Amino acid sequence: MEPIRVVHYLNQFFGQLGGEEAAGAKPRIQAGPVGPGRQLQARLGERLTIVATAICGDNTFADHPESTARELSALILPYRPHMVIAGPAFNSGRYGFSCGQLCAAMGAVGIPALTGMYEENPAVEQFRSQTLIVRTGATARHTAQALDAIAELAQRVARGENIAYPAQVGCFPAGMRRGTIRAQEAATRAVDMLLRKLAGQPFVSEISRPTFSPVARAAMRRPLSQSTIALVTDGGLVARGNPERMPNGYTDRFTAVSIAGLSRLTPEAVEVNHGGYDTQFVNADVNRLVPLDAARELEQEGVFAHLYETVYATAGLGMALSNAREIGRQIGQRLAEAKVDGAILTST
């Protein structure tokens, strides 16, 4: 029996090219398994063979997703794969986006593809209707379990199983509603769930919904007229030319833009780099996003005492919740160390 030919996709870190310094690496491919691909091959058995590993930097994919997917496809197809496996990406937003984008591109040309991610990875919501995504833990500490689950799913796909309900095989549901015949009518099932809930017994809802942790509002430490106020944005503000190469989405970092001596933001000093909205109007007048001009007027009028001379900025598009929490913590720590009393957070 002919072996099932598999191509594995990895980002620059797991592909052993390097960390963030290699995030701009261009698409490439090499024969055989690489890095975690060797562990995956051991789990796939003899019938499924990783014939090649495609590798690309996270920033390259995030900045040019469609053209990068085409480049990788052109490298992958000569290996005549029966299946493509990407990742797992765990909770890495950029890596998850890359895995999802490539799997969707492979599916579009009739090649089965699958990947693995943590539930908070924003790529889950974006790609779960286009490809199979195995549930994994949040970090690479869960690599062994993730590879076990991916290998099991790959075996199912190789056998030609019809996976109509991904949630039943350890994947995220595809987000599509299908009609099914149930032994009990909807009213009876609803009453049964209500009774179990009232009795404190476990039950499973037929409708899934996201859950978000409540965030308590911080109280001002002093009157506004005596306070130092900062401007913060998730709208993609960067210094002109984007010297720090901030991604336009799916990011895990932020930048600091000095506004010392400026009464308003100008195109000579700053610009906007964000993949989630049309930035042409904001780039024509960046004060629409970060209202430095209005804030200076309020400062001069004495509405608040001082405007903090640094704007902290990131691009909120597709950001994993864990990354958002960490970025918020780091920005908050810097503002606290600078004795800033409050912040105006602007978005898109």
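Bear in mind these aren't lab numbers, they're just calculated from the coordinates by the rules spelled out. Just so we're clear, the structure is a prediction, and the values are computed from it rather than from any experiment.
Checked against the criterion of being among the polar types (S, T, N, Q) and within 19 Å of GLY236 (Cα to Cα), region 331-341 contains not a single residue that satisfies it. Only residues that are small (Gly, Ala, Ser) and part of a helix (DSSP H, G or I) were counted across region 9-48, and they come to 3.
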